[in-house]
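S.K.: The structure's right below; bear with me while I get my questions together.
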Amino acid sequence: MPFAALFASLSAALLAGCATVGQPPAFSSYVVLSERGAAVARVLIDAPACPDIVIDQRPQPMTLRAPAATVALRPTPSAPADSKPAAFPLLTCEAPLPAAGSYAGASVLGRTLPVPAVAPQRIVVIGDTGCRLQKSSNSYQACNREADYPFAAIAAAAAAWRPELVIHVGDYHYRENACPDGNAGCAGSPWGYGWDAWNADFFAPGAALLRAAPWIMARGNHENCARGGQGYWRLLDPRPLLPGRDCNAASDDASGNYSAPYAVPIGQDTQLLVMDTANTTWKGLKPGDLGYDKYRELYRQLDALAAQAPRNIGIDHHPLLGMGADRKADGAIVLLPGDAGLQQAFGSLNPQLLPAGIQAMLSGHVHLWEQVSFASGHPSQFIAGFSGTAEDIVPLPERLPDGVTPAPGAVVEQFSSWVDGFGFMTMERQGADRWLVQVHDLQGRVRNTCQLDGKRSRCAVAQVK
């Protein structure tokens with residue numbers, strides 16, 4: 001439908017009392033980067049048809065990616081009896097954008113879209129942003145209190161930093177189960193895997209940052225097919241939405257739970273390598289497991305992509321080279337190494353775990369901020385899983401004990417962390433393989449400063465207090 005007809009249809013609805021005459025409906029808009037840096041404009045809107053996109057003052061139609069629908073029920077792993085079908089009562093519309101640097105601007109329904117930079121110098125990194133509502137773990141975050149669920153404040157502070165690119169390292173959706181009666185902290189929250197929960201968890205609180213810059217959207221375990229995968233494929237993944245890869249049917253999960261990595265060039269012979277690790281497991285994988293074979297194939301594809309540029313930064317959800325901590329029933333603290341499933345699959349092809357051309361890894365999954373640098377030739381690991389979800393609060397040591405390592409053969413040289421603090425990470429380019437990395441709290445104040453030089457990194461503060 002041409003935009004003029006769409007606008008006439010919307011105006012008729014507005015005259016019926018839905019909103020102010022002449023005003024378009026509420027909608028979400030954002031730009032995601034895909035393979036080889038191709039940019040895709042997305043609009044999520046409750047309307048009869050997709051609106052036009054205006055590029056350099058020339059309107060053109062957007063394509064329907066996914067219609068409004070209530071999709072197949074996928075039982076909630078944390079409480080199957082409390083599951084409900086996922087309703088998406090809005091259109092997902094999209095349009096490819098011209099190559100970075102070849103156009104001046106674009107807009108939809110009068111709203112300006114962020115323009116991709118040819119070689120972004122200022123990058124925001126966030127992860128694990130949703131509000132946890134999970135029956136199986138009896139975890140009910142106070143989504144209604146900003147102090148307890150501060151993603152909106154973090155997104156606003158990160159937008160004020162004026163990034164040229166935003167990287168989300170996965171886990172957008174956490175509102176899996178209903179808030180218990182009498183719990184004022186989350187009372188009234190939407191739940192399940194439909195649009196209402198996705199909007200409350202990500203699009204509404206993240207609106208300021210979605211409008212500030214284009215995004216790279218890595219996939220986390222909360223977006224695997226048994227959880228929020230239907231929404232991830234419909235709303236976030238930058239590639240075409242293919243039948244059988246939409247997580248609607250469990251019989252298609254061998255396809256829907258896995259996807260190939262892709263490379264996003266960012267100038268100075270550097271690529272960002274984006275990996276889908278949504279279905280790995282900390283329990284480990286062994287030969288003959290579907291995941292083992294899938295992640296071995298992912299490694300081969302990653303290796304081929306890394307060979308296309310002398311410098312690469314990897315992006316995935318599950319850290320191969322990071323540390324976590326847990327507390328046993330007797331109160332003792334146990335340190336947890338990197339993801340066993342990926343280590344076993346990747347390690348079967350390369351004892352160093354990652355291609356030689358990767359200088360750093362950006363990950364989430366562990367709900368804290370962390371930096372690890374190695375004397376063993378491994379890339380530096382940064383974890384930025386501290387942007388909204390209930391924090392991990394078991395303390396990490398200021399210095400790892402001798403012999404403790406996140407992965408076989410990895411010799412830790414520098415270690416820094418921030419436990420029980422919300423915020424976001426930034427990266428500013430200072431040279432071909434040099435980056436200034438800073439850790440910001442939810443007001444935007446800098447709490448730690450690090451230098452990434454080649455594969456090695458060093459931070460000013462070993463432990464943010």
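The values are calculated or read from the model by the stated rules, or taken from the named source; none is laboratory data. What you see is a predicted model, and the numbers here were worked out from it, not measured in a lab. With ideal geometry, Cβ positions are generated from the backbone for all residues, glycine too; neighbour counts draw on all protein chains shown. For accessibility, only protein heavy atoms count, side chains too; no ligands or nucleic acids. Shrake-Rupley method; radii C 1.70, N 1.55, O 1.52, S 1.80 Å.
S.K.: Out of all the residues in the stretch 200-220, is one or more part of a strand (DSSP E or B), without any contact (Cβ under 8 Å) to a residue 60 or more places away in the chain and farther than 30 Å from residue 255 by Cβ?
M.R.: no
S.K.: I've got another one for you. Can you tell me which residues in the stretch 35-82 are of a type in the set (A, V, I, L, M, F, W, C), closer than 30 Å to residue 306 by Cβ and surrounded by fewer than 19 Cβ atoms within 10 Å (Cβ to Cβ)?
M.R.: The one that is of a type in the set (A, V, I, L, M, F, W, C), closer than 30 Å to residue 306 by Cβ and surrounded by fewer than 19 Cβ atoms within 10 Å (Cβ to Cβ): 38.
S.K.: Related question: Say we look at the stretch 116-128 and pick out the residues that are touching a strand residue (DSSP E or B) at 6+ places or on another chain (Cβ under 7 Å), of a type outside the set (Gly, Ala, Ser) and assigned to a loop (DSSP other than H, G, I, E, B); which of these is most open to solvent (accessible area, probe 1.4 Å)?
M.R.: Result: 121.
S.K.: What is the number of the single condition among (1) touching a helix residue (DSSP H, G or I) at 6+ places or on another chain (Cβ under 7 Å); (2) of a type outside the set (Lys, Arg); (3) surrounded by fewer than 18 Cβ atoms within 10 Å (Cβ to Cβ) that residue 163 does not meet?
M.R.: Single failed check for residue 163: (3).
S.K.: While we're looking at this one, here's another question. Could you tell me which residue of the stretch 230-255 is nearest to the chain's Cα centre (by Cα), considering only residues that are open to solvent by less than 20 Å² (accessible area, probe 1.4 Å), under 23 Å from residue 177 (Cα atoms) and not hydroxyl-bearing (Ser, Thr, Tyr)?
M.R.: Checking each candidate, the answer is 236.
S.K.: Also, quick follow-up: Regarding the stretch 261-268, can at least one residue be identified that is closer than 18 Å to residue 379 by Cβ, out of contact with any Cys (no Cβ under 9 Å at 6 or more places or on another chain) and open to solvent by 30 Å² or more (accessible area, probe 1.4 Å)?
M.R.: Checked against the condition, which is being closer than 18 Å to residue 379 by Cβ, out of contact with any Cys (no Cβ under 9 Å at 6 or more places or on another chain) and open to solvent by 30 Å² or more (accessible area, probe 1.4 Å), the stretch 261-268 yields at least one hit.
S.K.: Can you tell me which residue in the stretch 315-344 is nearest to the chain's Cα centre (by Cα), limited to those that are charged (D, E, K, R) and farther than 18 Å from residue 218 by Cα?
M.R.: Once the filter is applied, the top-ranked residue is 326.
S.K.: Being loosely packed, with under 15 Cβ neighbours inside 10 Å and either touching a residue at least 12 places away in the same chain (Cβ under 8 Å) or closer than 29 Å to residue 144 by Cβ (or both) is the filter here, so list the residues in the stretch 402-417 that pass it.
M.R.: 404, 408, 409, 411
S.K.: Could you please find all residues in the stretch 210-229 being open to solvent by 10 Å² or more (accessible area, probe 1.4 Å) and more than 20 Å from residue 275 (Cβ to Cβ)?
M.R.: Residues satisfying the conditions are 211, 212.
S.K.: Looking at 284, 314, 322, which is the one that is in contact with a Gly (Cβ under 9 Å, 6 or more places away or on another chain) and crowded, with 19+ Cβ neighbours inside 10 Å?
M.R.: 322
S.K.: Look at residue 86 and say whether it is touching a Ser or Thr at 6+ places or on another chain (Cβ under 9 Å), surrounded by 13 or more Cβ atoms within 10 Å (Cβ to Cβ) and under 22 Å from residue 32 (Cβ atoms).
M.R.: The answer is yes for residue 86.
S.K.: Can you tell which of 452, 442 is within 23 Å of residue 376 (Cα to Cα) and either open to solvent by less than 70 Å² (accessible area, probe 1.4 Å) or modelled with pLDDT under 95 (or both)?
M.R.: Testing whether each residue is within 23 Å of residue 376 (Cα to Cα) and either open to solvent by less than 70 Å² (accessible area, probe 1.4 Å) or modelled with pLDDT under 95 (or both) leaves just 452.
S.K.: Return the pairs, sorted by first residue and then second, in which the second residue is part of a loop (DSSP other than H, G, I, E, B) and open to solvent by less than 70 Å² (accessible area, probe 1.4 Å), the first residue lies in the stretch 77-103 and is farther than 21 Å from residue 249 by Cβ and of a type in the set (Phe, Trp, Tyr), the beta carbons are less than 7 Å apart, and the residues are 6+ apart or on different chains.
M.R.: Filtered contacts from the stretch 77-103: 103/56.
S.K.: Taking residue 193, is it in a loop (DSSP other than H, G, I, E, B) and touching a Cys at 6+ places or on another chain (Cβ under 6 Å)?
M.R.: Taking the combined requirement at face value, the residue does not satisfy it.
S.K.: Restricting attention to the stretch 326-355, report how many residues are in contact (Cβ under 8 Å) with a residue 12 or more places away in the chain and either of a type in the set (A, V, I, L, M, F, W, C) or part of a loop (DSSP other than H, G, I, E, B) (or both).
M.R.: 18
S.K.: Checking residue 271 against (1) polar (S, T, N, Q); (2) open to solvent by less than 40 Å² (accessible area, probe 1.4 Å); (3) farther than 22 Å from residue 36 by Cα; (4) not in a loop (DSSP other than H, G, I, E, B): exactly one of these is not met. Which one?
M.R.: Residue 271 satisfies every listed condition except (3).
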